[in-house]
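Encoded as structure tokens, the structure appears first; notes follow it.
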Amino acid sequence: MHKKGHVMIARPGGISIISGIIASEIILYAFLQMNEILAVMITTFLAFAIGYVDDRKGMGGWFKPVALALAALPIIFLGAYDSDLAFPLFGEVHIPILYLALIIFMIVITGNTINSIDVLNGVASGFMVIASFSLSITLFILHNYEIAIISLPLGFVSLAFYKYHKFPCTIFPGDSGALTLGAMYGAIAIVGQVEVIAAIALLPAILNSFLFLASVKKIVDHRELNEKPVELTDNFKLKATNNKKARVSLVRLIVANTPLTEKEVGNVIFKLALFTAGLAIITAFMMEFKV
Amino acid sequence: MMHGQLFVFMFLMWVLIIIGGAIAVIILGPISISGFGEFDPLVNSIVKGTIAIGLSIAWILILTKMKNLIFRKTFNY
């Protein structure tokens, strides 16, 4: 979209992402035989299927949240969770019934936030490399070694995909790819009991979704909105639109003062991701202390 | 300048999460309602769920205020 001339780009890349994840997790299951691996695999695959349907049919704004809620059910049915919600410094809260709602909420949020940040070349996959590896590090810090190992394929698959997705990209993940990455991230957060830490590492994407909802004020697919938040300058830089009806987004904020190239915008998002990844790791150390 | 504001906003979001955790553990966690027999866990969950939703709404409202304060000049809200 933001390139000179006409470029052919393969899509959806979700098929390659899910293939890598499932192959890795099957091998891990052969060694570890854990229900948590099955829960992560099934939820991730369901999210991929939902995204693939959306890639092909272009479903409405409500389809993905509702369908992703169903994709979270295997985690519940396989009992791959602990209903204590852990917070830094202050300990845990035992919420047996409420936690079931949190599981569904988590998969819907992580799936959709990663999908919403998939706006520029390499951003979704690059962002997921940073967020997922920081999540793996926090799992190691918290001595949750088996889940840390289960989480590693997400980071490595994202890294492999990033090679082709980075600017100038040769493949788009599509909804199938973005939902796969987001749902797996959420599933690992639940089975690894690092829900709060996972949310912190995801803050730039959450901010993007928050800005979207705060400005649009309804759940709608971005493809249904006519006004674009950014425009392309003659020298192929992105600048914020002056159209007050256009939604506010993270990219629009980044280019608000100065037009930037797509690659420069991506780098700012990665710096934000590294910052929140650092906060997530600090939070993991804070989990070890009780006030 | 705008990028600096984004980092500040992200840091404030993190602080709000830590404070929210404190409220959840210190206030929400110890709440225990009895007298409903076998429905005690359900009633407890409904009460805690309602308070949690209230806290989430408060979190979003605070975040909206912060967003307007930090980014007002950019978009003339």
(request) Of the numbered conditions (1) of a type in the set (A, V, I, L, M, F, W, C); (2) open to solvent by 20 Å² or more (accessible area, probe 1.4 Å); (3) not in a helix (DSSP H, G or I), A:Cys169 fails exactly one; give the number of that condition. (result) (2)
(message) Can you pull out every residue in the range A:6-16 that is under 17 Å from the mean Cα position of the chain (by Cα) and farther than 20 Å from A:Gly58 by Cβ?
(response) A:Ser16
(request) Those residues that are within 14 Å of chain B (Cβ to nearest Cβ) and open to solvent by less than 50 Å² (accessible area, probe 1.4 Å), I need them from the range A:68-94; list them, please. (result) A:Ser83, A:Asp84, A:Leu85, A:Ala86, A:Phe87, A:Pro88, A:Leu89, A:Gly91, A:Val93
(request) Give the residues of the range B:1-57 that are within 30 Å of A:Ala256 (Cα to Cα), open to solvent by 40 Å² or more (accessible area, probe 1.4 Å) and among the aliphatic types (A, V, I, L, M), sorted by residue number. (result) B:Met1, B:Val8, B:Leu12, B:Val15, B:Ile57
(request) Please find, within the range B:32-77, the residue that is modelled with the lowest pLDDT out of those that are of a type in the set (Gly, Ala, Ser) and within 29 Å of B:His3 (Cβ to Cβ). (result) B:Ser56
(request) May I ask you to verify whether B:Leu69 is surrounded by fewer than 15 Cβ atoms within 10 Å (Cβ to Cβ) and either facing chain A (nearest Cβ under 7 Å) or assigned to a helix (DSSP H, G or I) (or both)? (result) yes
(request) Would you be able to tell me the number of residues in the range A:110-135 that are under 18 Å from A:Phe285 (Cβ atoms) and surrounded by fewer than 24 Cβ atoms within 10 Å (Cβ to Cβ)? (result) 1
(message) It is to be established whether one or more residues within the range A:158-178 are of a type in the set (D, E, K, R) and farther than 26 Å from A:Val7 by Cβ.
(response) no
(request) Answer with yes or no whether A:Leu32 is surrounded by fewer than 21 Cβ atoms within 10 Å (Cβ to Cβ), in contact (Cβ under 8 Å) with a residue 60 or more places away in the chain and farther than 27 Å from A:Cys169 by Cβ. (result) yes
(message) Suppose the filter is open to solvent by less than 70 Å² (accessible area, probe 1.4 Å) and at pLDDT 85 or above; does A:Val220 pass it?
(response) no
(message) Anything in the range A:223-268 that is closer than 15 Å to A:Phe212 by Cα, more than 14 Å from every other protein chain (Cβ to nearest Cβ) and either touching a residue at least 40 places away in the same chain (Cβ under 8 Å) or surrounded by 18 or more Cβ atoms within 10 Å (Cβ to Cβ) (or both)? List them, or say none.
(response) A:Arg223, A:Glu224
(request) From B:Ile26, B:Ile57, B:Ile53, grab the single residue that is among the β-branched types (Val, Ile, Thr) and either in contact (Cβ under 8 Å) with a residue 12 or more places away in the chain or at the interface with chain A (Cβ under 9 Å from one of its Cβ atoms) (or both). (result) B:Ile26
(message) Checking the conditions here, which among B:Ser56, B:Ser32 is part of a loop (DSSP other than H, G, I, E, B) and of a type in the set (S, T, N, Q)?
(response) B:Ser32
(request) Considering each of A:Tyr52, A:Tyr29 in turn, give the residue that is aromatic (Phe, Trp, Tyr) and within 21 Å of A:Phe161 (Cα to Cα). (result) A:Tyr52
(message) For the range A:223-260: of the residues being assigned to a strand (DSSP E or B) and over 22 Å from A:Gly61 (Cβ atoms), which is modelled with the highest pLDDT?
(response) A:Leu260
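The values are calculated or read from the model by the stated rules, or taken from the named source; none is laboratory data. In this text, all values refer to a predicted model and were calculated from it rather than measured experimentally. Virtual Cβ from ideal backbone geometry, glycine too; neighbours counted across all protein chains shown. Ligands, DNA and RNA are stripped out before the accessible areas are found, and what is left, the full protein with its side chains, is counted by its heavy atoms. Shrake-Rupley method; radii C 1.70, N 1.55, O 1.52, S 1.80 Å.
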